[in-house]
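> One structure is given below, represented as structure tokens, and several questions about it will come after.
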Amino acid sequence: MLLEPPVEGIPTRPCPTCGREIEQEFILCPYCRTQFARRCTSCDRSLRLGWGVCPYCATEVGAPALARTGR
Ligand SMILES: [Zn+2]
Ligand SMILES: [Zn+2]
């Protein structure tokens, strides 16, 4: 089986879940829908899911969706 070649000029990386080439700026994989980042609501840069604040513009982005410690 052939993988689609990455588009020239666009930096890509393999999805950690399904291994398909996706653009580096993507905040989720469009193939398997795994989300591994999100966008800052202020400066629109991609942030890791675990970050509670944007390191680029210091905007509070809220508690991370995953590590939610219920009581
Ligand atoms: Zn994937
Ligand atoms: Zn920001």
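> Using the Kirkwood radius over C-alpha pairs as Rh, can you work out the diffusion coefficient of segment 8-50 via Stokes-Einstein at 20 °C, viscosity 1.002 mPa s, in µm² per second? Provide the component values of the computation, followed by the final result.
Working: Rh = 10.9 Å.
It comes out at roughly 197 µm²/s.
> Would you tally the net charge around ARG20, using a Cβ to Cβ cut-off of less than 14 Å, leaving ARG20 out, and scoring K and R as +1, D and E as -1?
Working: positive: ARG13, ARG33; negative: GLU4, GLU21, GLU23.
For residues surrounding ARG20, the net value is -1.
> How far is it, in nm, from the label point at LEU3 to the one at THR34 when both lie 7 Å from their Cα along the line to the Cβ?
The modelled label-to-label distance comes out at 1.3 nm.
> Note the full-extension length gain between GLN24 and CYS57 as 0.36 nm times their separation in residues minus their Cα-Cα distance, in nm to one decimal.
Extending this stretch completely gives an extra 9.8 nm.
Every number in this text was worked out from the coordinates using simple rules, so none of it is lab data. These numbers come from a predicted model, not from an experiment. Every residue, glycine among them, receives a Cβ derived from its backbone with ideal geometry; neighbour counts consider all protein chains shown.
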